[in-house]
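Enquirer: I am attaching a structure below and will ask some questions about it afterwards.
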Amino acid sequence: MVEREKTSLNRQILILVSDLFLSVKIGALLKQLGYSFQVIVSEPDALRILQTTIPRMIILDLNFLHDGLKIIQRVRKEKATKDIPIFAFSRHTEKKVMKKAKSLGCTEVFSRPEFLKKLPSLVKSASGGQKEG
């Protein structure tokens with residue numbers, strides 16, 4: 001097992017969203033709220049980062065590279081990452097995928113519009129109101 005190092009990514013919010021417009025929108029909101037974050041655009045990068053860091057939380061598009069469910073499974077399987085809050089979203093028409101994400105251990109699952117409305121309160125509650133720095 002790889003020991004998690006103290007790096008600049010620790011306590012950051014990881015954004016696993018392959019839609020550029022949406023990742024920019026989420027990032028802008030997090031920045032406005034005073035949180036640091038990193039946008040991850042590939043599954044190998046996401047898994048590599050999760051082997052060496054423990055982020056504050058994960059924001060996950062369930063359509064991330066066509067299968068965001070794999071990320072939930074990997075995070076929940078590892079002892080060091082199993083308790084990281086994962087907030088996921090998907091198209092409102094994908095009820096089965098959303099239900100599966102919840103059953104795999106996703107903290108909360110929302111439709112895209114609902115997620116964007118609730119993001120500020122989700123981040124504040126998951127981080128205990130503590131911002132970076």
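Enquirer: All but one of (1) assigned to a loop (DSSP other than H, G, I, E, B); (2) modelled with pLDDT under 95; (3) closer than 21 Å to LEU22 by Cα hold for LYS79; state the number of the condition that does not hold.
Expert: (3)
Enquirer: Please specify each residue of segment 90-106 satisfying the condition of being buried (at least 18 other Cβ atoms within 10 Å of the Cβ), in a loop (DSSP other than H, G, I, E, B) and at pLDDT below 95.
Expert: Once the filter is applied, which keeps residues that are buried (at least 18 other Cβ atoms within 10 Å of the Cβ), in a loop (DSSP other than H, G, I, E, B) and at pLDDT below 95, segment 90-106 yields nothing.
Enquirer: Among the strands (runs of 3 or more DSSP E) confined wholly to segment 13-72, which include 3 or more residues that are within 17 Å of SER127 (Cα to Cα), in contact (Cβ under 8 Å) with a residue 12 or more places away in the chain and touching a Leu at 6+ places or on another chain (Cβ under 9 Å)? Quick ask: steps written out before the conclusion?
Expert: Numbers: elements: 13-16, 37-40, 57-61.
Per the criteria, 13-16, 57-61.
Enquirer: For segment 39-51, does any single residue satisfy the condition of being touching a Lys or Arg at 6+ places or on another chain (Cβ under 8 Å) and either of a type in the set (Ser, Thr, Tyr) or modelled with pLDDT of 90 or more (or both)?
Expert: Scanning segment 39-51 turns up no residue that is touching a Lys or Arg at 6+ places or on another chain (Cβ under 8 Å) and either of a type in the set (Ser, Thr, Tyr) or modelled with pLDDT of 90 or more (or both).
Enquirer: If you scan segment 59-69, which residues turn out to be at pLDDT 90 or above and either crowded, with 22+ Cβ neighbours inside 10 Å or out of contact with any helix residue (DSSP H, G or I) (no Cβ under 7 Å at 6 or more places or on another chain) (or both)?
Expert: Listed by number, the residues that qualify are ILE59, LEU60, ASP61, LEU62.
Enquirer: Name the single residue that is nearest to ALA46 (Cα to Cα) among those in segment 70-84 being under 14 Å from the mean Cα position of the chain (by Cα) and surrounded by 15 or more Cβ atoms within 10 Å (Cβ to Cβ).
Expert: Looking only at segment 70-84, we keep the residues that are under 14 Å from the mean Cα position of the chain (by Cα), and these are 70-76, 81-84.
Then keep just the ones that are surrounded by 15 or more Cβ atoms within 10 Å (Cβ to Cβ); that gives 70-72, 74-76, 81, 84.
Details: LYS70: 11, ILE71: 8, ILE72: 11, ARG74: 10, VAL75: 10, ARG76: 14, THR81: 13, ILE84: 14 Å.
Among those that are under 14 Å from the mean Cα position of the chain (by Cα) and surrounded by 15 or more Cβ atoms within 10 Å (Cβ to Cβ), it is ILE71.
Enquirer: Also, I was wondering about something else. Given the structure, is PHE87 surrounded by 18 or more Cβ atoms within 10 Å (Cβ to Cβ), within 14 Å of ILE15 (Cα to Cα) and either touching a residue at least 40 places away in the same chain (Cβ under 8 Å) or under 11 Å from the mean Cα position of the chain (by Cα) (or both)?
Expert: On the way: surrounded by 18 or more Cβ atoms within 10 Å (Cβ to Cβ): yes; within 14 Å of ILE15 (Cα to Cα): yes; either touching a residue at least 40 places away in the same chain (Cβ under 8 Å) or under 11 Å from the mean Cα position of the chain (by Cα) (or both): yes.
Considered against the rule, which asks whether it is surrounded by 18 or more Cβ atoms within 10 Å (Cβ to Cβ), within 14 Å of ILE15 (Cα to Cα) and either touching a residue at least 40 places away in the same chain (Cβ under 8 Å) or under 11 Å from the mean Cα position of the chain (by Cα) (or both), PHE87 comes out as yes.
Enquirer: Then there is this: Suppose we keep only residues that are surrounded by 13 or more Cβ atoms within 10 Å (Cβ to Cβ) and charged (D, E, K, R) within segment 115-125. Which one would you say is farthest from LEU33 (Cα to Cα)?
Expert: Per the stated criteria, the residue is LYS118.
Enquirer: Would you call ARG56 basic (Lys, Arg) and surrounded by 20 or more Cβ atoms within 10 Å (Cβ to Cβ)? Step through it out loud before you land on a result.
Expert: Working: basic (Lys, Arg): yes; surrounded by 20 or more Cβ atoms within 10 Å (Cβ to Cβ): yes.
Here the answer is yes, as ARG56 does meet what is asked.
The values are calculated or read from the model by the stated rules, or taken from the named source; none is laboratory data. If you're wondering where the values come from, they're calculated on a predicted model, not measured in any experiment. Glycine gets a Cβ as well: all are built from the backbone with ideal geometry, and neighbour counts include every protein chain shown.
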